[in-house]
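For reference, the structure discussed in these notes is given below.
The values are calculated or read from the model by the stated rules, or taken from the named source; none is laboratory data. This is a predicted model, so every value here is computed, not measured. Ideal geometry is used to build each Cβ from the backbone, glycine not excepted, and the neighbour counts take in all protein chains shown. Just the protein is used for accessible areas: all its heavy atoms, side chains included, with ligands, DNA and RNA removed. Shrake-Rupley method; radii C 1.70, N 1.55, O 1.52, S 1.80 Å.
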Amino acid sequence: MYRLELDSKPVTLVDQIEDKLLNYFKANDLGVGSVIPNEIELAGALGVGRSALREALSRLKMMGLIETRTRRGMILKEPTLLGAMKRVIDPRILSENTLFDLLDFRVALEVGISSDIFYYITSEEIDELDKIVRMGEVFSNNEYPLISEYMFHSKLYEITRNRTIAEFQEIIHPVLTFIKDKFKVAFEPINIELERQGKLVSHSDLLELIKAGDEQGYKQAIEQHFMVYKTFLRNRK
């Protein structure tokens, strides 16, 4: 396939056609919900071959920018920011370094949204968290059933009113589940030591701080809640 060197990075013909397509959509005022011309018309308008065009269109479909609808053809969509990531992140094929980076990012993100949780949370959402905590049995060493873990932290993400943050939980959950299972033997002694020191922070502890409106106490507690992961990551590095 023809390759063009641009800023020392190889740019394929399909890359160029993808860029042409995006410029074409903008130049023709095609927005979300607009019907896109068929392949023959697009190939003629852009002056490109249909096979390379088809590959460029497939990329945009994978990104969630285009969808095909019965009797309407191709339609422009507004993709979710993490849509493409959701399709390609599979913990079974990621390197350990990438898994650890994602885990570290998840911890940093959840600590970082603390202020938004206290700013936006409603009494109804506190009640929902209360129900989630009460139905979640805590195993030894501060371990929770996967559904309880998912529901509690998903609710925290949802409270931020940020759709991208909430969507990230859908991506990170299978990664976190995979990591916890694969490195269970490494996590256990860390949790045992934290428990011995009285430093384990449960979902119930976090909820009590939310109910009390203690934002600073919550920030410290959520960091401690994830200390098992931080200790694990520091040890690996």
- Tell me which lysines have Cα within less than 18 Å of Lys237's Cα, excluding those fewer than 8 residues away on the same chain? Lys180, Lys182, Lys184
- Task: Hey, can you grab everything whose amide H is under 5 Å from the amide H of Val11? Only 5+ residues off in sequence or another chain; H modelled, so Pro and N-termini drop out.
- Result: Leu4, Glu5, Leu6
- Would you mind getting the accessible area per residue of the chain, heavy atoms of the protein chains only, 1.4 Å probe, in Å²? 58 Å²
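So if each residue of separation counts as 0.36 nm, and I subtract the Cα-Cα distance between Asp181 and Lys199, what length gain in nm does that give? Mind dumping the intermediate values first?
Numbers: separation 18, 0.36 × 18 = 6.48 nm, distance 2.25 nm.
Here the segment from Asp181 to Lys199 would lengthen by 4.2 nm.
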- Just name one of Ile36, Leu46, Ser148: the one whose Cα is farthest towards the positive end of the charge dipole of the chain (beta-carbon charges, Lys/Arg +1, Asp/Glu -1). Leu46
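Normalised radius of gyration for the range 140-237, please: alpha carbon Rg relative to 2.2 N^0.38 Å, two decimal places.
Numbers: Rg = 14.0 Å, N = 98, 2.2 N^0.38 = 12.6 Å.
Taking N as the residue count of the range 140-237, the ratio is 1.11.
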- Among Leu57, Leu30, Leu109, determine the one that fluctuates most according to a GNM of the chain built with springs between C-alpha atoms less than 10 Å apart. Leu30
- Net +/- balance of residues flanking Tyr229 in space, Cβ distance below 11 Å, scoring K and R +1, D and E -1: +2
- Item | Rough spin-label spacing in nm, given labels placed 7 Å along Cα→Cβ, for Gln224 and Ser123 | 2.9 nm
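Show that you can apply the helix-only estimate: for the chain, add -39,500 (n - 2.57) for every DSSP H stretch of four or more residues, divide by all residues, and state [θ] at 222 nm to the nearest 500. Each step should come with its number before you reach the end.
Details: 13 runs with 156 residues, N = 237.
Estimated from H runs of four or more residues: -20500 deg cm²/dmol.
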- Message: Could you identify which residue out of Gly73, Gly136, Gly213 has the top mean-square fluctuation in a GNM of the chain using Cα springs shorter than 10 Å?
- Response: Gly73
- Query: Which entry is the computed P(r) over Cα pairs in 10 Å bins from 0, in percent for this structure: (1) 9, 38, 39, 14, 1; (2) 7, 32, 38, 19, 4, 0; (3) 6, 24, 25, 18, 15, 10, 1, 0?
  - Reply: (3)
- Task: Calculate the spin-label point distance for Asp214 paired with Thr98, positioning each point 7 Å from the Cα along the beta-carbon direction, and give it in nanometres.
- Result: 4.1 nm
- Rough spin-label spacing in nm, given labels placed 7 Å along Cα→Cβ, for Val88 and Glu188: 3.7 nm
- Using θ = phi - 60° and the Karplus form 6.51 cos²θ - 1.76 cosθ + 1.60, what ³J(HN,Hα) does each residue of the range 214-219 get, whole Hz, x for Gly and Pro? 8, 5, 5, x, 5, 4
